[in-house]
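Structure, as structure tokens:
Nothing in this text is a laboratory measurement; each read-out follows from the coordinates by a stated rule. Source: prediction; values computed, not measured. With ideal geometry, Cβ positions are generated from the backbone for all residues, glycine too; neighbour counts draw on all protein chains shown.
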Amino acid sequence: MLETVFFMSGAIFGSFFNLCIYRLPRDISIITPGSFCPNCGQKIRWYDNIPIISWILLFGRCRDCKEWISIRYIIIEILTGLLFLFLFWFCGLNKELFIWLFFFSLLLIISVIDIETFFVLGKVTYPGIIVGAVLSFLIWKPIDHISGMLLGGGIIFLLVKVSPKLFGKEGMGEGDVEVAMLIGIFLGWKLILSTLLISSILGVIIGGGILLFTNRVGSHIPYVPYLAAGGFISWVFSEKVEAFFAL
Ligand SMILES: [Zn+2]
């Protein structure tokens, strides 16, 4: 029963995240106006705005101008539903759950914006880092989490500075530094190290594969999704990571 509630609230939040992903990089308010079609500007009726279901009923097209609505909309709604369901199942119903719902939702939004625009928005990452810093002092060990932020941000910062000299082009950007700081402050220094390791492996395998298959070797790859995935995997297996550091 609660599983259904979490999946459905996830899909509803996913619908809101879609709006954020479209509007935040374009500097449009995320509160007003209500949802509109990016193609014809027509306001979306409430019955066409039901997460997952509306997209299927409309066969992925706008009711007014019949333009395709990006498949990203339904993918994010389903993905957020599954994320909420998984986190509920993993954490149980407690205050920690709400922290991780917030954190992984934020990573999801930042990742998709990076994929679509190649931008990481400071107006999203910095408030997240501040929330993480407050939580560190309120309920976690501040030293573990502040050092996680500095370590994550520091390592990526060095890579940003060094990689143009080694490879003659920029591999990562300043935005990746902010995201590494965000993950570091929430997960602490041990998990940020495994995050960086996992993300670089995923980046090489998946990112490299995509570049080869799409024949765009040498072009920019968004790194945030790999950091986010690395952070998620590290968090899920945090006991194993902690045990490794205890050796
Ligand atoms: Zn339209």
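The table below gives the values:
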quantity: Distance in nm between pseudo-label sites at residue 98 and residue 137 (7 Å out along the Cβ direction from Cα); calculated: 2.0
quantity: Calculated Rg and Dmax of segment 94-247 using C-alpha coordinates, Å; calculated: 15.3, 49
quantity: Contact order relative to length of the chain, as percent, for alpha carbon pairs under 8 angstrom and 6 or more apart; calculated: 17
quantity: Computed over segment 19-176, the ratio Rg/Rh where both radii use C-alpha atoms and Rh is Kirkwood; calculated: 1.04
quantity: Relative exposure of 181, 8, 172, judged by other C-beta atoms within 10 Å (fewest first); calculated: 8, 172, 181
quantity: Cα-based helix-to-principal-axis angle, 122-138 vs the chain, degrees rounded to 10; calculated: 60
quantity: On Cα atoms only, tilt of 224-236 relative to the major axis of the chain in degrees; calculated: 70
quantity: Degrees between helix 95-117 axis and first principal axis of the chain (Cα, 0 to 90, nearest 10); calculated: 80
quantity: Radius of gyration and Dmax over the Cα atoms of segment 1-101, both given in Å; calculated: 14.8, 45
quantity: Residue order, fewest to most surrounding Cβ atoms within 10 angstrom, among 130, 76; calculated: 130, 76
quantity: Helix-derived mean residue ellipticity, 222 nm - over the chain, DSSP H n ≥ 4, -39500 (n - 2.57), to 500; calculated: -23000 deg cm²/dmol
quantity: Value of Rg/Rh across segment 98-174 [Cα atoms, Kirkwood radius]; calculated: 1.03
quantity: Eligible lysines near residue 161 by straight Cα distance, threshold 26 Å, same-chain separation 8 or greater; calculated: 123, 169, 190
quantity: Per-residue Cβ neighbour rank within 10 angstrom, fewest leading, 47, 226, 73; calculated: 47, 73, 226
